[in-house]
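Note sheet for the following structure.
The values are calculated or read from the model by the stated rules, or taken from the named source; none is laboratory data. In this text, all values refer to a predicted model and were calculated from it rather than measured experimentally. No Cβ is skipped: glycine too gets one built from the backbone with ideal geometry, and neighbour counts run over all protein chains shown. Each accessible area value is taken on the protein alone, full model and side chains, heavy atoms only, with ligands, DNA and RNA left out. Shrake-Rupley method; radii C 1.70, N 1.55, O 1.52, S 1.80 Å.
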Amino acid sequence: MPIIRGNAKNGPPIVAVSVLSALPLPGMVGFDSQAFAMNGVTCRALLDTGADGTSICRQVADAAGLQSRGK
C-alpha cells in the first residue's frame, strides 16, 4: 500500500488520484496475452486516515468501468 506523508495545516488533505479498473487475476495473463484497455479517471480525493472504509461516487465508478459492490 502506498504511503503519503505531509501535513494538512492549511486545510483538508485533498489530493489528485486516478481510479482504474482492476487488473486481471494472476494466471489470466501469459506470454502470448493481448493488451487490453483500462479506463482511468482522474479526480480529487480526501484522505481520511481514520475512516473505516473507502468509497467513490457512482459517476467516477461508471466512468472507470467499475462494477458496484453495494452502497
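How far apart, in nm, are two points set 7 Å out from the Cα along the Cα-to-Cβ line at Asp48 and at Ser18?
It works out to 2.6 nm between the two label points.
Roughly how much of Leu20 is accessible, in Å² to the nearest 10, using a 1.4 Å probe?
100
Using a 1.4 angstrom probe and counting only protein chains, how large is the accessible area of Ser68 in Å², to 10?
80
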